[in-house]
1. So if I take the centroid of the Cα atoms in the range 106-184 and the same for the range 79-105, what is the distance between those two points in Å?
2. Percent relative contact order of the range 176-280, based on C-alpha pairs within less than 8 angstrom and at least six residues apart?
3. So what is the relative contact order for the range 147-236, in percent, with contacts set as C-alpha pairs under 8 Å and at least six apart?
4. Could you tell me, in Å, what Rg and Dmax come out for the Cα atoms of the range 176-280?
5. Tell me, in nm to one decimal, what length is gained between residue 211 and residue 267 on full extension, where the rule is 0.36 nm per residue of separation less the Cα-Cα distance?
6. Quick one: grab the alpha carbon gyration tensor of the range 88-162, order the square roots of its eigenvalues as a ≥ b ≥ c, and give me rounded if a/c is under 1.5, else prolate or oblate depending on whether a/b is larger than b/c.
7. Quick one: grab the alpha carbon gyration tensor of the range 83-211, order the square roots of its eigenvalues as a ≥ b ≥ c, and give me rounded if a/c is under 1.5, else prolate or oblate depending on whether a/b is larger than b/c.
8. What nm value, rounded to one decimal, do you get for the distance between residue 77 and residue 192 when each label is placed 7 Å out toward the C-beta?
Ligand SMILES: [Zn+2]
């Protein structure tokens with residue numbers, strides 16, 4: 001499934017693979033996460049780009065820079081381009097990965113399978129709309145769970161936690177509706193599950209209706225972010241307001257009343273504002 005080719009001109013490493021559904025995240029304004037199966041794919045082919053290492057002060061290249069560091073952990077294998085350690089130290093990446101595993105496992109239990117994690121410089125896709133960046137990916141490759149998080153996104157815990165939520169659901173063999181899975185993944189991006197960006201979006205444009213969610217389940221949507229935000233609100237309501245175990249939420253085929261969800265999420269937002277003011 002993997003095809004590796006070294007581009008001599010740019011000395012860039014491309015890993016080309018056939019992938020999965022494609023969707024947007026509000027963080028950084030424009031970015032993408034993706035998961036699923038090839039038939040969900042909006043773009044088809046994804047490319048991992050590792051830019052060449054900057055030259056040393058004397059103008060020569062350090063051959064060590066072209067290497068990949070491979071870390072074998074109990075839960076994961078991490079492949080990290082050696083020269084990236086000059087940008088983000090390996091310890092920082094490993095800490096984010098460890099913290100992300102803890103966050104996901106606290107809600108969904110320990111992973112049964114190892115996860116292969118790769119950190120490229122960036123991730124691109126055929127036909128990707130201009131201005132969109134893919135921050136992370138999770139996919140299955142011949143039974144192996146794989147995650148990629150681009151270097152800019154790897155500086156923070158959020159994207160690892162988001163992708164590891166997808167990974168754990170693949171590990172469990174659970175496949176919720178894509179928009180709802182993305183909502184759950186966005187919930188994992190913060191420690192308390194509240195996603196201020198998505199809440200703000202919903203305040204502006206409102207949650208999707210049941211009819212729109214049904215249409216979206218059939219692949220018809222023109223508003224991916226609103227769809228994800230609605231998924232996040234439902235997941236947040238069930239897990240953090242109703243205290244439903246996330247495993248039950250992920251396997252549920254019934255969704256709560258959307259007006260009730262919005263009311264509860266709005267109240268949670270107000271409470272957060274009050275607590276923030278008190279703490280200030
Ligand atoms: Zn995602």
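1. Comparing the Cα centres of the range 106-184 and the range 79-105, I get a distance of 14 Å.
2. The normalised contact order for the range 176-280 reaches 32 percent.
3. Once normalised by length, the contact order is 33 percent.
4. Here Rg and the maximum Cα pair distance are 13.3, 46 Å.
5. On the way: separation 56, 0.36 × 56 = 20.16 nm, distance 2.49 nm.
So the extension gain works out to 17.7 nm.
6. Oblate is the answer for the range 88-162, as a/c is 1.5 or above yet b/c matches or exceeds a/b.
7. Working: a/c = 1.45, a/b = 1.23, b/c = 1.18.
Since a/c stays below 1.5, the shape of the range 83-211 is classed as rounded.
8. According to this spin-label approximation, the distance is 4.0 nm.
Bear in mind that the values in this text are calculations on the coordinates, not laboratory data. Only a predicted model underlies this, so the values are computations on that prediction, with no experimental measurement involved. Glycine also receives a Cβ, built like all others from the backbone with ideal geometry; neighbour counts cover every protein chain displayed.
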